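Okay, structure first, notes after.
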Amino acid sequence: MKAMLWILTLVEAAVAGGSPADSNYTQGINTTVSVVVNGFVKYQQMIGGGCSGAFGVACDQFGRYGLSPANQDIVTETLFSENIGGLSVLRNDIGSNGSSTDGSIFSILGTCPSTPDGPFDYTWDGNDTCQVQLSKTALKYNPDLFIYADAWSAPGCMKNVGTDDDGGLICGVRGSYGNDNEGSQSESSASSQCNNTDWRQAYADYLVQYVKYYQQEGVNISMLGAYNEPDFNPVTYASMESDGYQAKDFLEVLYPTAKAAFPDIKVSCCDATGARQERNILYELSQAGGENLFDVATWHNYQSNPERPFNTAGQPNIMTEWADGTGSWNAYWDVTGQLAEGFQWALYMHNAFVNSDTSGYTHWWCSQQTTGDNALVRLQNDEYFVAARLWAFAGYFRFARPGSIRVDAQSSVENVYVSAFVNTNGSVAMPVVNAAHFAYDMTVNLSGTNATTAKAYLTDNEHNVTMVETYPVRGGSFSANVEPRAMKTFFLQ
């Protein structure tokens, strides 16, 4: 009870703006901010925000624990509708285990052949541990959904450790045979089970076959990935290691194979555990001559934050997985200051978009039956609860739609974070995050846009992307108030 009272007190304080009771709080403080948006200075094209149903968690959303069909639809609509959560990216898990166990996805290759020459007896159940259902239902609410099919590991027979977990290397890359393993991350490569066979083409064909099965279901895969956190060996679940040199050895096989089957599909590299770790892999990949063997740099935000643009040859980058993962369910916007709160996620995304030209940002799970905070929506049998993290995503992606271009936006004060995006139809999204504990009076000067009105959508402890006011834009300028500890997105038309 004391803990509950403490939380309620925090909520009340946050609703009040988080400011001290002292009415002179802002005395001597400049509470005005000038924002300049220049639509002529352009940066990255946006892909969108997203989430995943990996490790079988998609089945939670489709009735495993009693969520009714009506609420299954509501949860999916809440996540993926342009008018609610605004998500447009779904990351699916390509299974690698022939016999599904708790927390794994069925592999389309139930039994491995003894050699990479096959035969390969692929099987497809049309369900893919509920990921097909999640994909189709999400497409109903967002027909332009960007689906990323990503593998945590190759099937065990294709790796030097002989199992899909416990890290290891794909047979055929440098270091996989045990006699040339200098620089290899896998300790088990010294006792390689590859027997000097090369499984790279077999693994590439395996990944492409997965895409074909989805196409058979009427679902187009937008991007294909062969790795998940290759700089990390969790031992207990599907994983496969790689540095940038080894990634080059495999991508030189996967890239032409994927493009031959699906010319428009994008190939990713390499879902490292952090931005710094991804930069290391990309550097090594470039050193090995593989800088053009991928289309999108993909990374996670667990071990390091983005601080500068990625070292690609012009390819975009997407943050494809992150969640707190250590705490209990946190639905708040700004109460405790913990990293799982919506306000913090608004800042994480701003920093990625502005500091590293990131084109998309993906939460770990979409929804889950849980008491933790790994999902945007917590399920409890036939009930669902939405985290304010989703409203942070919506503050960006309901308005900066896929295909929009980030343009230059500058704030005159350090605790007001501003970004701006021009949509393909000419409308402009301008998310503003006020990190101060007091309101700012903001003046915005625009160039490169013909907007005449600015609608303001507020997200704080009392509002979830709520339209609160419309401002006239005259002579390329307008003025507005920005609430404390809030995200206010201005949609200009």
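Numbers below:
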| item | result |
| --- | --- |
| Cleavage-rule hits (GluC sites (Glu not before Pro)) in segment 252-358: DSSP loop, at most 13 neighbouring Cβ within 10 angstrom | Glu307 |
| Percent carbon-and-sulfur accessible area, segment 113-244, ignoring ligands, DNA and RNA, probe 1.4 Å | 42 percent |
| Cα-based Rg / Dmax (Å) for segment 336-419 | 14.6, 48 |
| Tilt relative to the chain, helix 244-261 - C-alpha long axis, 0 to 90 degrees, to 10 | 90 degrees |
| Per residue, in Å², the accessible surface of the chain once ligands and nucleic acids are set aside, probe 1.4 Å | 39 Å² |
| 16 Å cut-off, amide nitrogen to a point 7 angstrom out along Thr336 Cα→Cβ, residues in segment 378-403 | 378, 387-389 |
| Asn415 paired with Arg276, simple spin-label distance in nm, labels 7 Å along Cα-to-beta-carbon | 2.8 nm |
| Where labels lie 7 Å past Cα in the beta-carbon direction, separation of Val41 and Asn355 in nm | 1.9 nm |
| Degrees separating the helix 2-15 axis from the principal Cα axis of the chain, which is the longest one | 60 degrees |
| Additional length obtainable on full extension of the chain from Glu469 to Leu347, 0.36 nm per residue less Cα span | 41.6 nm |
| Efficiency of FRET from Cβ geometry, Thr236 and Asp117, R₀ 35 Å, rounded to 0.05 | 0.65 |
| Where a label projected 7 Å from the Cα of Ile405 along Cα→Cβ would reach, residues of segment 416-454 with amide N under 13 Å | 421-427, 448-449 |
| Rounded if a/c under 1.5, otherwise prolate or oblate - segment 89-151, Cα gyration tensor axes | prolate |
| Alpha carbon centroid spacing (whole Å) that separates segment 314-359 from segment 138-169 | 23 Å |
| Calculated over segment 287-370: convex hull of Cα atoms, volume per residue (Å³) | 117 Å³ |
| Asn30-Asp441 pseudo-label distance in nm [points 7 Å out on the Cα-to-Cβ vector] | 1.4 nm |
| Cα-Cα over 23 Å, subset of Lys140/Lys488; Lys136/Lys488; Lys212/Lys259; Lys159/Lys248; Lys212/Lys266; Lys140/Lys212 | Lys140/Lys488; Lys136/Lys488 |
| MRE, 222 nm, helices only [DSSP H, n ≥ 4, -39500 (n - 2.57), over the chain, to nearest 500] | -7500 deg cm²/dmol |
| Value of Rg/Rh across the chain [Cα atoms, Kirkwood radius] | 1.00 |
| Pair-distance profile P(r), taking every C-alpha pair of segment 390-443, with 5 angstrom steps and integer % | 4, 19, 26, 22, 18, 8, 2, 0 |
| Over segment 354-493: Kirkwood hydrodynamic radius from C-alpha pairwise inverse distances, Å | 16.1 Å |
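The values are calculated or read from the model by the stated rules, or taken from the named source; none is laboratory data. Since the structure is predicted, the reported quantities are computational estimates derived from the model, not experimental observations. Using ideal geometry, Cβ is built from the backbone for each residue, glycine included, and neighbour counts are taken over all protein chains shown. Surface areas here come from the heavy atoms of the whole protein model, side chains and all, with no ligands, DNA or RNA. Shrake-Rupley method; radii C 1.70, N 1.55, O 1.52, S 1.80 Å.
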